[in-house]
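Presented below is the structure to which this report refers.
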Amino acid sequence: MKIVRWGRPMSETRHPMAIVVMGVCGTGKSTIGREIADRLGYPYEDADDFHPESNVVKMRSGTALTDADRKPWLDRLRALMTQHLTDGSGIVLACSALREDYRAQLKPADHDLKWLFLQGDRELLAQRLQSRSDHYMPPTLLDSQLATLEVPDPNEALWCNVIDPPETIVQTAWEHFTQTTS
């Protein structure tokens, strides 16, 4: 059986991918991630939904998470991606993945992991964060995230600037990821 999405036939038996849409808060990881997942016919998950309540409470109060706070969360996300890849469904995950060691912790054993790095100007990101009301991450944590961010090597991640419209970013990512796996 064949699935056709956006003009490209995709076999259900093709090698599944795990794609992590990463970046600091306000870059549009969820918006971009959902659209890429839709185009690929993959399930979408938001890493924010997998934080333990203690992490959510800390962030809601404006307190940055520590590495100890993040470790069980990252382990849970790695297990989630491994399960999807083992089942053959693939997955698109929106996750900040700010540091290289966090990205290493996320990588499922024996599976490939693709990265989409969303970057943007601090002022633009701050404006976006000020305008959203449906998230527990306060705008005050943007500077903490920017300070923590270890930018991935351009050879390891597809870079997209969030000044571009979401449709452009999604199209660029879709073309990149489907061409590199054909």
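Amide H to amide H, with H built 1.01 Å from N, W159 comes under 5 Å of F117, counting only residues 5 or more places away or on other chains. Remark: the D49-A109 segment gains 19.3 nm on full extension, using 0.36 nm per residue and subtracting the alpha carbon distance.
Across the range 103-109, coupling constants 3J(HN,Hα) worked out from phi with the 6.51/-1.76/1.60 Karplus curve, θ = phi - 60°, read 5, 5, 5, 6, 5, x, 5 Hz, and Gly and Pro carry x.
Of all accessible surface on the range 49-182 at a 1.4 Å probe, what whole percent is carbon and sulfur? So the carbon and sulfur contribution to the accessible surface is 50 percent.
Overall shape: oblate for the range 45-182, with the ratio a/c of the largest to smallest alpha carbon gyration tensor axis at 1.5 or above and b/c at least equal to a/b. Between D153 and D121, the simple spin-label model (points 7 angstrom out along Cα→Cβ) gives 3.0 nm. Applying both filters, DSSP loop and at most 13 other Cβ atoms within 10 Å, to the GluC sites (Glu not before Pro) of the range 45-125 eliminates every site. Counting only DSSP H runs of at least 4 residues, each contributing -39500 (n - 2.57), and dividing by the residue count of the chain, the helix-based mean residue ellipticity at 222 nm comes to -13500 deg cm²/dmol. Remark: the range 30-45, residue by residue, has Karplus-estimated 3J(HN,Hα) of 5, 4, 5, x, 4, 5, 5, 4, 4, 5, 8, x, 9, x, 10, 9 Hz, where x stands for each Gly or Pro and the curve is 6.51 cos²θ - 1.76 cosθ + 1.60 at θ = phi - 60°.
To the nearest ten degrees, helix 122-131 and the longest principal axis of the Cα atoms of the chain are 90 degrees apart. Where both bridge residues fall in the chain, DSSP classifies roughly 20% of the beta bridges as antiparallel.
The phi torsions of the range 65-81, fed into the Karplus equation with coefficients 6.51, -1.76 and 1.60 and a -60° offset, translate into couplings of 6, 9, 4, 5, 5, 7, 3, x, 5, 5, 4, 5, 5, 4, 4, 4, 5 Hz, rounded to whole numbers, with Gly and Pro shown as x.
The values are calculated or read from the model by the stated rules, or taken from the named source; none is laboratory data. Quantities reported herein were computed from a predicted structural model and do not represent experimental measurements. Glycine also receives a Cβ, built like all others from the backbone with ideal geometry; neighbour counts cover every protein chain displayed. Accessible surface areas use protein heavy atoms only, side chains included; no ligands, DNA or RNA. Shrake-Rupley method; radii C 1.70, N 1.55, O 1.52, S 1.80 Å.
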